[in-house]
Amino acid sequence: MLKIKGLKKTYGNRIQALKGIDLEVGAGMFGLLGPNGAGKTTLMKILATLLEPDEGAAELNGIDLLAQKGRARRVLGYLPQEFGLYPTLTAEQTLDYFCKLKGVTDARERASLIGALLERVNLTSARAQKVGGFSGGMRQRLGIAQALIGRPRLIIVDEPTAGLDPEERVRFHNLLSETASETAVVILSTHIVSDVSNLCGRMAVIRKGEILASCTPREAVGRLDGSVWEASVPRETVASFKSRFEVISSQTFDGRARLRVLAAGGAPGEEFAPSTPTLEDYYFSVVSRTPEGLRV
């Protein structure tokens with residue numbers, strides 16, 4: 001169990017990145033969902049022992065992640081948003097380097113571990129290829145391989161699918177699903193709603209350094225049951241609808257806009273028909289509201 005209590009962080013330019021984060025995360029895949037600049041990466045860096053908070057505590061199964069950094073790093077796997085690699089090293093040499101950093105000193109043990117990791121992330125055939133020539137998806141799979149060294153109990157992946165093509169995203173989703181276990185906490189930090197809906201058993205929404213909601217994706221969607229309405233309207237009328245209704249999203253196509261509106265008391269107008277809510281509806285409805293109405 002990962003327990004986070006009262007984490008705060010303000011940078012030198014007086015930007016308050018975290019405003020008192022409280023979370024409890026059990027084993028399995030947990031999604032931290034929020035827009036760019038929400039504080040996700042700051043929180044991930046603190047949990048990864050790379051950044052000091054101003055206040056608060058973080059504990060994993062009795063290990064103080066802030067005070068016992070050496071012990072914490074032995075049970076930590078981390079794939080940052082920007083994962084630097086030496087382009088002239090092969091995949092095998094890269095993992096050998098990370099194994100040494102994580103204390104795997106026996107050469108035979110390293111070779112066996114590297115072989116198993118490359119097979120797990122489907123890079124065995126590329127083991128002798130220089131990583132400078134890897135695609136984005138191959139780099140991310142190699143990043144997960146290094147994060148799995150040492151059987152970590154906390155695995156942090158920060159915006160892992162940003163920039164990947166659809167095929168590589170599916171591969172990476174499958175790999176993350178296989179990585180989650182009954183004993184390891186896996187935190188997926190992302191702004192892509194489908195990543196969370198496809199992978200995570202529990203989730204939290206963060207905006208401007210605050211946790212706005214914490215629940216399961218199913219619970220989130222259930223909270224909008226019977227409240228989402230959809231209509232296709234002329235594009236020039238969108239501003240009028242936004243001034244009168246709680247518009248969740250608006251997509252324009254061929255001169256018309258598809259509006260999705262949140263209205264708990266029935267149809268907001270004769271143009272609207274009931275629609276099945278999605279996790280994206282919930283996310284947009286939460287992050288677009290004023291802070292006073294966000295605790296759910």
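The values are calculated or read from the model by the stated rules, or taken from the named source; none is laboratory data. All values reported here derive from a predicted model rather than from experimental measurement. We place every Cβ from the backbone using ideal geometry, glycine too, and count neighbours over all the protein chains shown.
Couple of notes before you dig in:
- Just one of the listed residues (Gly12, Gly6) is in contact (Cβ under 8 Å) with a residue 12 or more places away in the chain and farther than 16 Å from Val185 by Cβ, namely Gly6.
- Filter pass, Pro166 being more than 18 Å from Gly84 (Cα to Cα) and under 18 Å from the mean Cα position of the chain (by Cα): yes
- Scanning segment 43-51 turns up at least one residue that is under 24 Å from Ser285 (Cα atoms) and either of a type in the set (A, V, I, L, M, F, W, C) or not assigned by TED's automatic domain parsing to the domain that holds Gly209 (or both).
- Filtered by the rule that a residue be polar (S, T, N, Q), in contact (Cβ under 8 Å) with a residue 12 or more places away in the chain and either on the phi < 0 side of the Ramachandran plot or surrounded by 17 or more Cβ atoms within 10 Å (Cβ to Cβ) (or both), segment 49-98 gives Thr49, Gln81, Thr88, Thr90, Thr94.
- Among residues of segment 138-154, those that are at negative phi and outside any helix (DSSP H, G or I), counted: 5
- Just one of (1) within 26 Å of Pro217 (Cβ to Cβ); (2) out of contact with any Leu (no Cβ under 9 Å at 6 or more places or on another chain); (3) charged (D, E, K, R) fails for Glu24. It is (2).
- Those strands (runs of 3 or more DSSP E) lying entirely in segment 15-85 with at least 2 residues touching a Pro at 6+ places or on another chain (Cβ under 7 Å): 76-79
- The residue of segment 151-179 that is surrounded by the most Cβ atoms within 10 Å (Cβ to Cβ), among those that are among the charged types (D, E, K, R) and in contact (Cβ under 8 Å) with a residue 40 or more places away in the chain, is Asp158.
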